[in-house]
Amino acid sequence: MHVDHHPLVHDFPELRNELQRLRQSDEHFSRQAEEYEALDKRICRIEDGIELLDDVTLSALKLNRVAMKDELARQLKRAAGQCCGCGNGCKG
């Protein structure tokens, strides 16, 4: 079964420059991005049948991946001068 990976650079191609800049200049962001991509790879291994895990735990991992991606997306958008989706005209 083919499983799609969700690397940040593919999900946010329009923010590629900000992604690269933040990975190099912001240690916290870089660590979060690495954790996100490691989790994404683990989920793909599970879905490919390489690693075994029960469905409930897999669902929890997927929810965590979504939350991590949302937080990274907010940071990327702020770095690009865009509203992060806060609903406050980007006051964070």
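Picking from LEU52, PRO13, LEU63, whose Cα lies most toward the positive end of the charge dipole for the range 7-79 (charges on Cβ: Lys, Arg +1; Asp, Glu -1)?
Going by the charge dipole, the pick is PRO13.
Rounded to the nearest percent, how much of the accessible area of the range 21-76 (1.4 Å probe, protein heavy atoms only) is carbon and sulfur?
Details: 1770 of 3400 Å².
Taking all protein chains in place, the range 21-76 shows 52 percent carbon and sulfur surface.
What nm value, rounded to one decimal, do you get for the distance between SER25 and ASP11 when each label is placed 7 Å out toward the C-beta?
In this crude label model, SER25 to ASP11 measures out at 2.3 nm.
Under the Karplus relation 6.51 cos²θ - 1.76 cosθ + 1.60, θ = phi - 60°, what is the ordered set of whole-Hz ³J(HN,Hα) values for the range 11-22, x standing for Gly and Pro?
Whole-Hz 3J(HN,Hα) from phi for the range 11-22: 7, 10, x, 6, 10, 4, 5, 5, 4, 5, 5, 5.
Starting from the 7 Å offset along Cα-to-Cβ, what nm value, one decimal, do you get for the label separation of GLU47 and ALA73?
1.6 nm
Which order do the peptides 47-58, 16-27, 69-80 come out in when sorted by mean C-beta neighbours inside 10 angstrom, highest first?
Working: 47-58: 11.0, 16-27: 14.6, 69-80: 17.7.
The densest-packed peptide leads the list: 69-80, 16-27, 47-58.
In whole percent, what relative contact order does the chain give with Cα contacts below 8 Å and a gap of six or more residues? Can you show the working numbers first?
Working: 65 pairs, mean separation 26.0, N = 92.
28 percent.
Using θ = phi - 60° and the Karplus curve 6.51 cos²θ - 1.76 cosθ + 1.60, what whole-Hz ³J(HN,Hα) does each residue of the range 71-88 get, with Gly and Pro shown as x?
Karplus-based 3J(HN,Hα) across the range 71-88 equals 5, 5, 5, 4, 5, 4, 5, 4, 5, 8, x, 9, 5, 7, x, 6, x, 10 Hz.
Only helical DSSP H runs with n ≥ 4 go in: add -39500 (n - 2.57) per run for the chain, normalise by residue count and round the 222 nm mean residue ellipticity to 500 deg cm²/dmol. Walk me through the numbers on the way to the answer.
On the way: 4 runs with 60 residues, N = 92.
Calculated mean residue ellipticity at 222 nm is -21500 deg cm²/dmol.
For the range 7-79, what is the accessible area per residue in Å², given a 1.4 Å probe and the full set of protein chains?
On the way: 4480 Å² over 73 residues.
Accessible surface, normalised per residue, equals 61 Å².
Quick check: from the Cα gyration tensor, does the chain come out rounded (a/c under 1.5), prolate or oblate? Please report the intermediate quantities before stating the final value.
Values: a/c = 2.45, a/b = 1.89, b/c = 1.29.
Note, shape of the chain comes out prolate.
The values are calculated or read from the model by the stated rules, or taken from the named source; none is laboratory data. Owing to the predicted nature of the structure, the values given are computational and were not obtained by experimental measurement. Note that each Cβ is placed from the backbone with ideal geometry, even for glycine, and that neighbours are counted across all protein chains shown. For the accessible areas, the whole protein counts, side chains as well, though only heavy atoms, and no ligand, DNA or RNA atoms are used. Shrake-Rupley method; radii C 1.70, N 1.55, O 1.52, S 1.80 Å.
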